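**Student:** One structure follows; several queries about it will come next.
We did not get these values from a lab; they are worked out from the coordinates using the rules stated. As the structure is a computational prediction, the values presented were derived from the model and not from experiment. Positions of Cβ are backbone-derived with ideal geometry, glycine not excepted, and every protein chain shown enters the neighbour counts.
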Amino acid sequence: MFCHQAGIRMEHIPYRGANLADVMSGVLPLGIQNAGAAIPLVKDGRVRGLAVTSLARSANAPDIPTVAEQGFPGFEALSWFGLMAPAGTPRPIIDKVQAEAMRVLADSEQQARFAQMGLDPLGTTPERMHDMIAADIPKWAKVIAEAGIQPSR
C-alpha cells in the first residue's frame, strides 16, 4: 500500500518472524516491521524509526511521526492482535473472556509491559472487532488487486 501511494518500488524479502537484523547491519537500507518488534530496537538506538503507520503517533514513540504526517494523508496500516473463539460460542463465555481481557489491559503492570514492547493496547468489544475485520477486508483486497499480488504455490 505504501509503495503504491508513494509511487515507488520496494522488494519484499520474507523473513521467518520479525527481523530487522539486516537493517541494523546495513545490508538493507530500510525495513517495515510491526511496532512490537521495531520500537524496542529504536529505543535501544539500533535502528532509526522513520514513521509509524497508524493515523496517530504511538504513545510509546511520540517522537516518530506518522506516514500520514509525512505527506500521505489517511495512510493507515495497522497490525493488531485479537482474541477469537469458535463460531457459536455462547455469549456469556464471550462476555467473560472479554471482561477478563479488559481487566488485564487496565492493569498498570501489564500496561508497562506493553509499553516496554512498544505496543499500544486497545481493548474493544466483540462487535467493534467484527467491524474492524469487516473494514479491513475490502481495504486489503484493494491493495492486493492494485499490486497484482498472487498467492504463492
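**Student:** List the aspartates and glutamates whose alpha-carbon lies under 18 Å from that of K43, not counting same-chain residues fewer than 8 positions away?
**Tutor:** Result set, ordered by chain and number: D22, D63, D120.
**Student:** Add -39500 (n - 2.57) for each DSSP H run of 4 or more in the chain, then divide by its residues: what number comes out at 222 nm, to the nearest 500 deg cm²/dmol?
**Tutor:** -13000 deg cm²/dmol
**Student:** Extension gain E109-N19, at 0.36 nm per residue separation less the Cα-Cα distance, in nm? Before the final figure, lay out each step's value.
**Tutor:** Working: separation 90, 0.36 × 90 = 32.40 nm, distance 2.70 nm.
Here the segment from E109 to N19 would lengthen by 29.7 nm.
**Student:** Pop a pseudo-label 7 angstrom from the Cα along the beta-carbon direction at both R153 and F2 and give the gap in nm to one decimal.
**Tutor:** Distance between label points: 3.1 nm.
**Student:** Grab the beta carbon distance between L30 and T124, set R0 = 22 Å, and tell me the FRET efficiency rounded to 0.05.
**Tutor:** 0.10
**Student:** Return the label of the correct value of volume of the Cα convex hull per residue in Å³, as calculated from the structure shown, out of (i) 130; (ii) 152; (iii) 319.
**Tutor:** From the options (i) 130; (ii) 152; (iii) 319, the structure gives (ii).
**Student:** OK, next. So if I place +1 on the C-beta of Lys and Arg and -1 on the C-beta of Asp and Glu, and nothing else carries charge, what would the dipole magnitude of the range 2-147 be about its Cα centre? I want it in debye, nearest 20.
**Tutor:** Magnitude of the dipole: close to 160 debye.
**Student:** What's the extension gain from A59 to M10 if we count 0.36 nm per residue and subtract their Cα-Cα distance?
**Tutor:** On the way: separation 49, 0.36 × 49 = 17.64 nm, distance 2.85 nm.
Here the segment from A59 to M10 would lengthen by 14.8 nm.
**Student:** Highest mean first, how do 127-133, 82-88, 36-42 rank when packing is the count of other Cβ atoms within 10 Å averaged over residues?
**Tutor:** 36-42, 127-133, 82-88
**Student:** Here's something else I'd like to know. List residues of the range 97-122, by number, whose backbone nitrogen lies under 20 Å from a label position 7 Å along Cα→C-beta of L83.
**Tutor:** 97-115, 119-122
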